[in-house]
Structures are given as structure tokens and as C-alpha cells.
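First the structure, in the form of C-alpha cells, and then the observations on it.
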Amino acid sequence: MNTGKTLFAQLMDFLPWATFARYVARYGGDKGVRTLTCAEQFRAMAFAQLTYRESPRDIEVRPSAQDAKLYHMGFREPIRRSTLADANESRDWRIHADFARRLVGQARALYASEDLGLDLSNTVYALDSTTIDLCLTVFPWAHFRTTKAAVKMHTLLDLRGSIPSFIHVSDGKLHDVHALDLLVPEPGAIYVMDRGYVDFKRLHILHLAGAFFVTRTKSNMDFHRIYSAPTDRNTGIICDQTIALDGFYTKQDYPAHLRRVRFKDPETGKTLVFLTNQMTLPAATICALYKNRWQVELFFEWIKQHLRIKRFFGTSGNAVKTQIWIAVSVYVLVAIVKKRLNLDASLYTLLQILSVTLFEKMPLQQAFPGTNSSSDSITFNNQLNLFAF
């Protein structure tokens with residue numbers, strides 16, 4: 001049994017540390033390091049995420065109250081805020097980025113059979129970004145506007161399990177549509193995104209790669225109708241058309257036919273028009289796919305509420321990216337533990353329990369007695385309106 005290990009140590013045992021060591025060696029993370037190795041840096045920052053620490057001083061003070069248990073948590077000596085700050089400034093953030101991607105691969109495999117609520121075998125992704133505001137005088141490298149600084153977190157969310165399969169951290173000035181240039185299209189996958197990503201040249205690249213997209217049309221789109229499929233207006237589907245673009249540049253950028261679905265929400269009375277290159281799925285499924293795009297919005301809301309990515313422990317780009325990637329690793333780690341231990345609890349519940357029990361010594365499963373998923377923030381029971389804009 002694990003009665004001799006703290007819950008924090010048991011949680012860390014789920015991580016592939018041999019893989020982490022390879023990333024450290026790849027980027028020379030521990031070269032010349034005498035105190036606080038990259039593995040200890042990760043543990044310290046993960047501890048901060050799990051216990052809602054707000055500053056390096058908090059990270060230093062909280063574990064120091066449990067000196068006798070530090071060794072059992074994976075620390076050779078007490079954490080010093082200056083040492084941790086130096087590590088965040090100087091250790092290559094790509095170590096933690098690559099490690100997070102490795103964990104994402106594990107989590108996606110575990111959640112691959114999750115039910116989307118749609119009769120689909122395709123992988124479905126939602127693409128969006130969130131802006132994290134910063135102080136311009138403290139973070140001058142993250143220039144956003146004249147008097148503001150910010151970083152953007154561009155995220156491709158696998159909707160089976162709400163696992164981020166791709167993340168790119170940029171300054172606030174990078175337009176969302178450029179995130180499409182960073183993706184490697186997956187044949188057969190469906191990419192759901194808002195109309196800020198409508199760039200026909202880039203969408204045609206997705207099409208040529210055998211991938212599908214669902215987005216909203218812009219009001220000034222120039223096109224003509226090729227064919228109209230019969231629809232049942234009682235379901236809210238006003239029209240289901242095959243169209244061709246007429247704009248001088250757009251028809252060169254996207255010479256193939258597209259599908260245009262016009263939908264009126266019977267609850268709100270709002271009318272929305274969707275654009276896709278998926279020609280075979282029912283029109284109602286196209287509308288439902290766009291509804292599921294809200295999962296990425298709720299993912300951003302959740303991590304901003306429950307992880308430390310709005311207040312940073314360092315001011316350099318390296319420190320900010322390190323903290324964001326370790327926060328993502330913690331999110332994915334808890335999702336992996338939930339699935340592997342078959343815990344009937346929300347990620348929110350798991351984090352709340354772990355935040356107050358990390359120093360306890362008991363089998364990990366016993367830390368979550370009687371938990372259930374009634375307050376599951378990650379399955380998004382508190383859904384927004386279907387098409388609230």
C-alpha cells in the first residue's frame with residue numbers, strides 16, 4: 001500500500017519521469033545546476049497549482065511548515081523563492097511544453113472512447129484563444145495595445161474529454177487566424193471554430209488535407225447557390241445549400257464548393273449561418289457541432305478560475321510560458337488520474353480535495369470517498385445558451 005507516501009508523491013508517480021529526464025537532457029535544463037533540479041522545479045510549480053499558491057513566497061512558506069515531509073514529496077531541501085524564481089527565468093520552457101504534450105497524448109488515448117452525444121466516429125476539435133491581461137510596465141515584451149500587455153493562449157481542444165491537444169502561447173497581438181498556420185491537419189477530423197478564423201486560403205488547406213471544418217459565415221460573403229437540399233423548418237433548419245464563392249480573391253483561395261446551413265434557434269429566435277466543407281452529415285449535426293464549440297470557452301473559464309495562470313511568478317517570457325505549460329500539465333495529470341482510478345468525481349472536486357490533503361499519507365483512492373460528478377465543472381453542466389453571442 002501507499003501509506004508511507006503523501007498524496008502529492010502518489011500523484012507525481014503517475015508522471016513519466018524517465019520521459020521528463022529526456023526532455024531535460026535535450027534542452028540542457030540541469031546543466032550546472034546544484035540546487036532545485038528541473039524535476040524539483042516542476043514539482044514546486046505543480047504544488048503551487050494544486051494548492052492555489054499566489055506567489056513564490058507562498059510556495060516557500062507553505063511546504064516549509066511540513067519540513068519533515070518534504071523529502072517524501074520529492075524535494076531534497078526546502079524550496080527557496082529566489083531559487084525557484086531563478087529557475088523559472090533560466091530553465092528552458094520547452095522542457096515543460098514537451099512534457100505537457102506527452103501527457104496530452106496519454107490523456108487523449110484514455111478519453112478516446114468518450115461519448116460526444118453525436119453519432120460520429122470522427123475526432124472533433126474546437127479551436128479558439130483566450131487573452132491573459134498583463135501589466136505593460138512589468139511585461140513589456142508582451143505588447144498588446146498602447147497601454148496594455150497580454151499573452152494569448154491558442155488552444156485546440158479535443159472535445160472527447162475536453163483535453164487540449166495543441167497549445168501555442170503568443171503575445172496578445174497575434175491574430176487568431178494565424179493559429180491555423182501552426183496546425184498539422186488531421187485527415188477526417190472536424191475543426192469547429194468561430195468566424196474569426198474564416199480565411200478561405202487557410203480553410204482550403206484544411207480541405208485539401210482531408211479535414212473538415214465548421215464555422216460561421218461573415219455577413220459580407222459573396223457567393224451564389226448551386227443546390228438547395230430539402231429541410232424541415234420545424235427543426236429550425238431554414239436552408240441547407242451547396243454554394244460557390246464569387247469574390248475575386250475568395251474564389252481563387254477556395255475554388256471548391258461549400259455548404260451553407262441557415263439555422264433559427266427556436267428558443268431565442270436568433271438566426272445563425274454556418275459554413276462547412278462537410279457535405280454528408282445531417283444539417284442538424286452541423287448545428288450541434290457548432291454548439292459543442294462552447295466547450296473550449298468553458299475550458300478557458302475553468303482553468304482561469306481553478307489554475308494559476310492569471311498571476312505569474314516571474315516577468316520574463318520564459319517564466320510566463322513555464323507557468324502556463326506546468327498548469328496545463330497539472331490539468332491533464334488530474335484528468336489522467338481520474339480516468340485511471342475510475343473516480344466518479346469532477347476535476348473541480350478532485351482539485352478541491354487535493355488542495356487540502358496533499359500532505360496526508362493514505363492510498364490515493366481513499367482520499368475521495370463518496371465523490372460524485374453532480375458538480376462537474378469540466379463536463380460543463382452549467383452550459384451556456386445554445387447560440388448565445
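No value in this document is a laboratory result; all are computed from the given coordinates. Keep in mind that what you see is a predicted model, and the values were worked out from it rather than measured. So basically every Cβ, Gly included, is an ideal-geometry build from the backbone, and we count neighbours across all protein chains shown.
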3J(HN,Hα) from dihedral phi, segment 220-226, Karplus parametrisation 6.51/-1.76/1.60, rounded to Hz, x for glycine, proline: 9, 5, 9, 7, 9, 7, 9
Farthest positive-ward along segment 190-307 dipole, Cα basis, beta-carbon charges - from Ala284, Tyr191, Leu258: Leu258
Derived scalar couplings ³J(HN,Hα) [segment 228-245; Karplus, 6.51 cos²θ - 1.76 cosθ + 1.60; whole Hz; x for Gly, Pro]: 10, 7, x, 9, 9, 5, 5, 8, x, 7, 7, 8, 9, 10, 9, 10, 10, 7
For Asp128, residues with placed amide H under 5 Å, excluding near neighbours: Thr155, Leu157
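Would you please name the chymotrypsin sites (Phe, Trp or Tyr not before Pro) within segment 132-172 that are DSSP coil residues with at most 15 other C-beta atoms within 10 Å of their C-beta?
Working: sites: Trp141, Phe144, Phe166; in loops: Trp141.
Hits after loop and neighbour filter: Trp141.
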Amide H contacts of Arg216 (H built 1.01 Å from N, under 5 Å, at least 5 apart or other chain): Arg195, Leu275
Between 0 and 90°, nearest 10: helix 94-110 axis offset from the chain longest Cα axis: 60
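Return the equivalent ellipsoid semi-axes of segment 195-282 as a descending list in whole Å, where each equals the square root of 5 times an eigenvalue of the C-alpha gyration tensor. Don't jump to the answer; show the numbers that get you there.
Values: eigenvalues 103, 36, 33 Å².
Semi-axes from the Cα gyration tensor: 23, 13, 13 Å.
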Residues listed by number, segment 5-34, amide nitrogen under 11 Å from Asp86 label point at 7 Å toward C-beta: 33-34
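Determine the relative contact order of segment 195-282: mean sequence separation of Cα pairs under 8 Å and six or more apart, normalised by residue count, in whole percent. It would help to have the intermediate numbers written out before the result.
Values: 152 pairs, mean separation 25.0, N = 88.
Relative contact order, segment 195-282: 28 percent.
Of all the C-alpha pairs in the chain, what % are more than 27 Å from each other? Could you put the intermediate results ahead of the total?
Working: 40931 of 75466 pairs.
When every Cα pair of the chain is considered, 54 percent fall beyond 27 Å.
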Residues whose placed amide H lies under 5 Å from that of Cys239, excluding near-sequence neighbours: Arg262
Inter-part distance where segment 93-122 and segment 183-202 are each reduced to a Cα centre, Å: 18
Neighbour-count order for Leu15, Leu157, fewest beta carbons within 10 angstrom listed first: Leu15, Leu157
Note, ³J(HN,Hα) from phi for segment 209-217, Karplus 6.51, -1.76, 1.60, rounded to Hz, x at Gly and Pro: 7, x, 9, 10, 9, 10, 8, 9, 7
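Not counting the cut sites, what is the longest span of the chain without trypsin sites (Lys or Arg not before Pro) that DSSP labels loop and that have at most 12 other Cβ atoms within 10 Å? Write down the numbers at each step before the final one.
Numbers: sites that count: Lys31, Arg34, Arg76, Lys173, Lys218, Lys310, Arg311.
The answer is 77-172.
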Mean ellipticity per residue at 222 nm, deg cm²/dmol - from DSSP H runs of n ≥ 4 across the chain, formula -39500 (n - 2.57): -11000 deg cm²/dmol
